[in-house]
Amino acid sequence: MEDQKMPLTEHLGELRKRIITSLVALLIAFSVSFAYSEELFKLVMFPLKYELDFSVTKKYLYFAPKDKLQLTKLVFLAPAEAFWMSIKISIFSAILFSLPVLFHQLWKFISPGLLPKEKKYALPFIFATTSLFVVGASFCFFIVLPYALTFLLTYKTGDVLMPMLSVGQYVDFCLKFVLAFGAVFELPVLIFFLTRLGIVTPETFAKHRRYAIVFAFVLAAFLTPTPDAFNQTLMAVPMILLYEVGIWVSKIFAKKDNEEAE
């Protein structure tokens, strides 16, 4: 009985150790982020006031001020709403800056169950998961959100309607979609591990490609903040490309494993 209980005890002890380390990293990052919460809030206002544009004469992309929304100001409707806004932004910033530590702790927790040859993927795992999340969050923040906010805040507005945004609702709106895009961009890593664990083969993913494309557009319709096809496509197309990347990477490693086995 003791021999059977010890592995579970060690497993729980390892889980507690990883959680504590992650919380310490988050607390340190939160302390630094909260000290600069005002600057971070100005950054969060970026999608509201700027959007990506293309200069025909100079032939380059740049962020242009939005004429209709440049003077938009946020209001708070409750005494503590502005304070909680700073807390939420600081928490999100802490998570973003702590991603390498969080993914490293996740890898340390699952690595005892991996084969020795699979444990060498620790550094690529941390780099890939962190990079993909940051790329997805940046894509949403700088590309999707500016167009979505322009559409929503200028739709049928004029003499009768005028947008007046609550700071809490605006911050929640932005952070939810940034997190959603960051999570969606982890798709290649998910596909890679499902194939490495033998749950699904790369051929199965490739065979069901048409269903994945439909699912990508359906999921984009739920996650994107506007009902127009343009913003839905901005999310669906990267998901489809990431799906293909996941299949491609899985096939490469599966081929290497077969060669080593021979």
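The values are calculated or read from the model by the stated rules, or taken from the named source; none is laboratory data. Small disclaimer: the values here were computed from a predicted structure and weren't measured. When we count neighbours, we look across all protein chains shown, and the Cβ atoms used for this are built from the backbone with ideal geometry, even at glycine.
Every condition in (1) β-branched (Val, Ile, Thr); (2) touching a residue at least 40 places away in the same chain (Cβ under 8 Å); (3) under 13 Å from VAL101 (Cβ atoms) is met by VAL44 except one, and the failing one is (3).
Take PHE76 and decide whether it is surrounded by 13 or more Cβ atoms within 10 Å (Cβ to Cβ) and either closer than 30 Å to ALA229 by Cα or at pLDDT 90 or above (or both). Outline the logic, then answer.
On the way: surrounded by 13 or more Cβ atoms within 10 Å (Cβ to Cβ): yes; either closer than 30 Å to ALA229 by Cα or at pLDDT 90 or above (or both): no.
Criteria not met by PHE76.
Within the stretch 129-141, residues that are within 19 Å of PHE193 (Cβ to Cβ) and without any contact (Cβ under 8 Å) to a residue 40 or more places away in the chain sit with their Cβ atoms under 7 Å from residues that are surrounded by 20 or more Cβ atoms within 10 Å (Cβ to Cβ) and among the aromatic types (Phe, Trp, Tyr), at 6+ positions apart or across chains, in these pairs: THR130/PHE103.
Scan the stretch 95-135 for residues that are of a type in the set (S, T, N, Q) and over 22 Å from LEU179 (Cβ atoms) and jot them down.
SER111
When the stretch 172-215 is filtered for residues that are more than 15 Å from VAL249 (Cβ to Cβ), free of Cβ contacts under 8 Å to residues at least 24 places away in the same chain and under 20 Å from the mean Cα position of the chain (by Cα), the ones remaining, listed by number, are LYS176, PHE215. Within the stretch 210-235, the set of residues being at pLDDT 85 or above and surrounded by 13 or more Cβ atoms within 10 Å (Cβ to Cβ) comprises ALA212, ILE213, PHE215, ALA216, PHE217. Of all residues being buried (at least 17 other Cβ atoms within 10 Å of the Cβ) and under 30 Å from MET45 (Cα atoms) in the stretch 98-125, which is farthest from the chain's Cα centre (by Cα)? Just the residue, please. In this case the residue turns out to be VAL101. For the stretch 127-143, the criterion of being surrounded by 17 or more Cβ atoms within 10 Å (Cβ to Cβ) and either part of a loop (DSSP other than H, G, I, E, B) or in contact with a Lys or Arg (Cβ under 8 Å, 6 or more places away or on another chain) (or both) is satisfied by no residue at all. Would a scan of the stretch 133-156 turn up a residue that is modelled with pLDDT of 85 or more and of a type in the set (D, E, K, R)? No. Helices (runs of 4 or more DSSP H) fully within the stretch 1-65 that include at least 3 residues being modelled with pLDDT under 80, of a type outside the set (A, V, I, L, M) and out of contact with any Asp or Glu (no Cβ under 9 Å at 6 or more places or on another chain): 2-35.
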